[in-house]
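Novice: To start, I am sharing the structure in question, which I have written as structure tokens.
Each reported figure results from applying straightforward, stated rules to the coordinates on display, with no laboratory input. In this text the structure is predicted, and so the values were computed from the model without any measurement. Heads up, the Cβs are rebuilt from the backbone with ideal geometry, glycines too, and the neighbour counts pull from every protein chain shown.
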Amino acid sequence: MKTTDIYLEGKSIFLRSMQPQDFGEPMVRWVNDREVTKYLYRGTFPANAQSLQDEFHNMKGSMTDLQFAICLKENSQYIGVTGLHNINWIARNGEFRILIGEKSAWNKGAGTEVLQLMTSYAIDILNFNKVYLGVNEANVKAHKSYLKAGFKEEGRSRQEIFRNGKYFDAVRMSLLKGEYLEARTSWPLWETIQKQLSV
Ligand SMILES: CC(C)(COP(=O)(O)OP(=O)(O)OC[C@H]1O[C@@H](n2cnc3c(N)ncnc32)[C@H](O)[C@@H]1OP(=O)(O)O)[C@@H](O)C(=O)NCCC(=O)NCCS
């Protein structure tokens, strides 16, 4: 991967735009891996390169969905995807999503970096007033990184998710622009973000 592909940069990862080939391997492996999709809507039906290519074509040119590839800075390895979805350009909000598919990259802070980069991008560059997300109540790790970034719980949809024979609440969380301006100064990544976005 050429370094000119870097769009946003954290300490250990960078984000770049997605190419058609990103919707083949290794993404097929990630979305068919039950451990990766344990808490997601994805994974309920089997995926293959064609179904992912169809997804890419549907999303291409979309005015309401934006996706980025997550890559490791040390070797440019593509480890996951993130995005802003269901963007409402009037109310100025959108839904944050993330999937780190390479399990070797879990628990090293990458997910937290991506969340903070994408939130800053949404608010400082796209002029969002709010970033929201949905998380399975049992996804303790994701929930923790959202709380740490300053996201607040808006409410719970009771027994909204059915996974492996059990129902789970879906927790909706969000961060408003004013809250972001306060929270970001305590983010370890803030200095890195500030330099890049000139904010
Ligand atoms: C959820 C996900 C984004 C988290 O990214 P990550 O890079 O693995 O997580 P981080 O390293 O940023 O860790 C987040 C926090 O959770 C903590 N954590 C890790 N495992 C944990 C566990 N089992 N229980 C509680 N906390 C845990 C980490 O210690 C860290 O907190 P800290 O910074 O205070 O140490 C990533 O694992 C992923 O994409 N998983 C599959 C798809 C998914 O679940 N997406 C989220 C949908 S809402």
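Novice: What FRET efficiency do you get for GLN53 and ALA138 if R0 is 35 Å and r is their Cβ-Cβ distance, rounded to the nearest 0.05?
Specialist: 0.65
Novice: What nm value, rounded to one decimal, do you get for the distance between LYS195 and GLU160 when each label is placed 7 Å out toward the C-beta?
Specialist: Here the modelled spin labels are 3.8 nm apart.
Novice: Let me ask you something else. Report, in cubic angstrom per residue, the convex hull volume of the C-alpha atoms of the stretch 26-95.
Specialist: Measuring per residue, one finds 119 Å³ for the Cα hull of the stretch 26-95.
Novice: Round to the nearest 0.05 the FRET efficiency obtained for THR185 and ASN86 when R0 = 35 Å and r is the Cβ-Cβ distance.
Specialist: In this case the efficiency is close to 0.75.
Novice: Something else about it: Report the gain in length on full extension from LYS152 to THR44: 0.36 nm times residue separation, minus Cα-Cα distance, nm rounded to one decimal.
Specialist: Full extension from LYS152 to THR44 adds 36.1 nm.
Novice: If contacts are Cα pairs under 8 angstrom and at least 6 residues apart, what is the relative contact order of the chain in percent?
Specialist: Relative contact order here is 18 percent.
Novice: I need the shape label for the chain. Rule: rounded when a/c is under 1.5, else prolate if a/b > b/c, else oblate, with a, b, c from the alpha carbon gyration tensor.
Specialist: Rounded shape, in that the Cα axes give a/c under 1.5.
Novice: So how far apart, in nm, are the two label points at GLN21 and LYS103 if each is 7 Å from Cα heading toward Cβ?
Specialist: Label at GLN21, label at LYS103, 2.7 nm between them.
Novice: Sticking with this structure for a sec: So how do MET18, MET59, MET118 line up by other beta-carbon neighbours within 10 Å, fewest first?
Specialist: Fewest-to-most Cβ neighbours within 10 Å comes out as MET59, MET18, MET118.
Novice: I need the shape label for the stretch 99-199. Rule: rounded when a/c is under 1.5, else prolate if a/b > b/c, else oblate, with a, b, c from the alpha carbon gyration tensor.
Specialist: oblate
Novice: Going by how many other beta carbons lie within 10 Å of each one, how would you line up SER198, SER12, fewest first?
Specialist: Least to most surrounded, the residues fall as SER198, SER12.
Novice: To continue, here is another question. Could you list, in their original order, any pairs among LYS60/LYS130; LYS38/LYS130; LYS108/LYS195; LYS108/LYS166; LYS60/LYS103; LYS148/LYS177 whose Cα atoms are separated by more than 20 Å?
Specialist: LYS60/LYS130; LYS38/LYS130; LYS108/LYS195; LYS108/LYS166; LYS60/LYS103
Novice: Let me ask something else about it. If you wrap a convex hull around the C-alpha atoms of the stretch 1-56 and split its volume per residue, what is the figure in Å³?
Specialist: 110 Å³
Novice: Based on other C-beta atoms within 10 Å, arrange SER76, SER174 from fewest to most.
Specialist: Arranged by neighbour count, lowest to highest, SER76, SER174 become SER76, SER174.
Novice: Let me make sure I get this right: for the stretch 99-145, a, b and c are the square roots of the gyration tensor eigenvalues over alpha carbons, sorted descending. Under 1.5 in a/c it's rounded, otherwise prolate if a/b > b/c, else oblate. Which is it?
Specialist: oblate
Novice: Continuing with the same structure: Whole Å is fine, so just give me how far the alpha carbon centre of the stretch 112-126 lies from that of the stretch 34-94.
Specialist: Going from one Cα centre to the other spans 16 Å.
Novice: Treat each spin label as a single point 7 Å out from the Cα along the C-beta direction, and report the ARG34 to ASP5 distance in nm.
Specialist: With each label point 7 Å from Cα toward Cβ, the separation is 3.2 nm.
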